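A short write-up of the structure that comes next.
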Amino acid sequence: MPEPREIELTINGERRAGRCEPRTTLVDFLRETCALTGTHVGCEHGVCGACTVLLDGAPVRSCLMFAVQAAGARLTTVEGLAPPGEMNDLQRAFQEHHALQCGFCTPGILTTMTALLADNPTPTREDVRRALSGNICRCTGYEPIVQAVLDCARGRAGRAG
Amino acid sequence: MKPAPFDHVAPATLEEALALLVEHGENAKVLAGGQSLVPVMALRLATPAWLIDLNRIASLAGIRQLDTGELAIGALTRHAAVERSELVARANPLLASAMPWVAHTAIRNRGTVGGSLVHADPAAELPAVCLACDATLVAQSVRGRRAIAAAAFFRGMFETALGADELLVEIRFPAWPDGRRHGFIEIARRHGDFAICGIAATVERDRAGRVGDARVVAFGVVDRPVRLAAVERALAGTDGGEDALRSAAGAAADGLTPRADHHASAEYRSELLPVLARRALAQALTPRRR
């Protein structure tokens with residue numbers, strides 16, 4: 001068996017270190033080594049989007065990266081979107097619009113939409129739908145999710161203006 | 001599922017990577033963006049003993065224009081970088097317009113141009129663009145460097161002309177002539193999925209407005225991207241008007257035996273070919289650029 005590796009990286013602003021086998025995916029490292037279970041592991045082959053995290057601000061599938069590849073990286077998971085026990089405006093918009101039912105896909109959708117709004121603070125409905133296309137939700141039918149994201153963007157624009 | 005155990009090595013230079021490829025041979029897989037390889041490993045369709053990870057080799061990524069006007073893209077360049085590149089938008093508008101069709105944002109943030117080409121999925125966008133543009137794929141090994149024409153690179157489903165000891169290091173697109181126009185379209189069950197059928201097209205006109213060089217490439221249909229020679233011939237010399245275009249596109253399925261899979265039957269693909277060829281050519285030939 002290959003030797004386990006020691007890796008160090010920054011997760012949600014905190015320096016973390018841990019041991020992993022080369023074959024350990026980033027999502028398993030987050031959940032099992034770092035005890036950050038907010039990131040969900042769904043299909044394990046890059047289709048569902050539940051495991052999406054932000055790597056240097058950009059959404060990536062954490063099931064399609066090995067933890068060893070993330071050495072030195074700066075990651076944001078769903079736990080990093082707001083202080084512990086609190087929700088940010090995007091998360092509140094999801095709550096207000098019932099943009100989740102079982103909630104399994106929600107961490108991946110929140111991280112994906114966080115990146116969308118950082119990149120494009122005033123997205124159209126079409127922009128949101130396009131950005132959402134890589135995240136599968138089996139409950140909501142997506143409409144409430146699109147509404148929540150648009151509402152959050154409007155709220156941010158209003159506060160900025 | 002979880003990938004089978006393997007050992008991971010991330011060389012800092014191309015020379016080290018090439019030496020590792022010789023050392024480990026068939027027991028190794030090359031890891032670029034991992035967006036196709038890691039699923040294949042998770043499904044245990046591939047169980048390499050070694051992964052040679054290219055991600056530390058910074059010289060393999062980048063987009064530049066050469067003095068010749070060629071667009072050169074390093075094999076490790078991520079799809080997202082190509083999609084956002086103003087240089088690509090100027091120097092190869094067909095490639096630029098194909099990028100948003102490649103999977104989803106999260107995949108494009110990791111996936112690489114070289115990885116997609118070497119994976120050689122017959123339904124992928126980038127091999128079709130390379131074929132339509134007569135791109136050159138530059139391979140390197142400890143034996144040296146060689147240039148492979150796109151038409152010779154794709155050998156079949158997931159098969160390329162690359163030798164076991166070779167890495168794809170760069171893709172070169174010939175200069176884009178003034179006045180060349182393009183079209184790109186595909187049909188998939190969901191946006192971002194691999195295409196059931198797609199068309200990449202470029203068209204040039206002469207001074208009289210007649211169609212000159214036309215390239216029409218279908219992907220997702222047979223085991224590799226394929227030029228639709230009958231359509232290209234039928235279009236050449238015409239006025240490029242609606243009738244000419246419809247008539248030429250009607251030949252799109254000539255000589256092809258489309259594959260059938262769980263996404264679509266061969267008959268459906270045969271029906272899509274002329275429709276999508278006509279739409280892609282209409283994009284290319286409409287008077288105003290989109």
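Scanning segment A:11-31 for residues that are open to solvent by 10 Å² or more (accessible area, probe 1.4 Å) and not in a strand (DSSP E or B), which turns out farthest from the other protein chains (Cβ to nearest Cβ)?
The extreme case among them is A:GLY13.
Give me a count of the residues in segment A:123-148 that are within 14 Å of another protein chain (Cβ to nearest Cβ) and among the aliphatic types (A, V, I, L, M).
Here the count works out to 4.
Only one of A:ALA58, A:ALA35 is outside the structural domain of A:ALA115 (by TED's automatic domain parsing), closer than 25 Å to B:GLY192 by Cα and out of contact with any strand residue (DSSP E or B) (no Cβ under 8 Å at 6 or more places or on another chain). Can you tell me which?
It is A:ALA58.
When you scan segment A:60-100, how many residues do you find that are within 13 Å of chain B (Cβ to nearest Cβ) and acidic (Asp, Glu)?
The total comes to 0.
Results for (1) surrounded by fewer than 17 Cβ atoms within 10 Å (Cβ to Cβ); (2) within 21 Å of A:ASP56 (Cβ to Cβ); (3) in contact with a Phe, Trp or Tyr (Cβ under 6 Å, 6 or more places away or on another chain), shown as yes or no for each residue.
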{"position": "A:LEU90", "(1), (2), (3)": "no, yes, no"}
{"position": "A:GLU96", "(1), (2), (3)": "yes, no, no"}
{"position": "A:CYS102", "(1), (2), (3)": "yes, no, no"}
{"position": "A:THR106", "(1), (2), (3)": "no, no, no"}
{"position": "A:LEU117", "(1), (2), (3)": "no, yes, no"}
{"position": "A:ASN135", "(1), (2), (3)": "no, yes, no"}
{"position": "A:GLY141", "(1), (2), (3)": "yes, no, no"}
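Residues that are under 30 Å from A:ALA50 (Cβ atoms): list the strands (runs of 3 or more DSSP E) wholly contained in segment B:100-218 that include at least 1 such residues.
B:181-187, B:197-205
Of all residues in segment B:189-204, how many are closer than 23 Å to A:GLY134 by Cα and either touching a strand residue (DSSP E or B) at 6+ places or on another chain (Cβ under 7 Å) or at pLDDT 95 or above (or both)?
Total satisfying the criteria: 5.
Could you check B:THR136 against (1) more than 14 Å from chain A (Cβ to nearest Cβ); (2) buried (at least 17 other Cβ atoms within 10 Å of the Cβ); (3) more than 14 Å from the chain's Cα centre (by Cα) and say which number it fails?
All conditions are met except number (3).
Would you mind stating whether A:GLU8 is within 14 Å of chain B (Cβ to nearest Cβ) and open to solvent by 30 Å² or more (accessible area, probe 1.4 Å)?
no
The values are calculated or read from the model by the stated rules, or taken from the named source; none is laboratory data. The structure presented is a predicted model; accordingly, all values stated were derived computationally and were not measured. We place every Cβ from the backbone using ideal geometry, glycine too, and count neighbours over all the protein chains shown. Please note that ligands, DNA and RNA were not included when accessible areas were found on the heavy atoms of the full protein model with its side chains. Shrake-Rupley method; radii C 1.70, N 1.55, O 1.52, S 1.80 Å.
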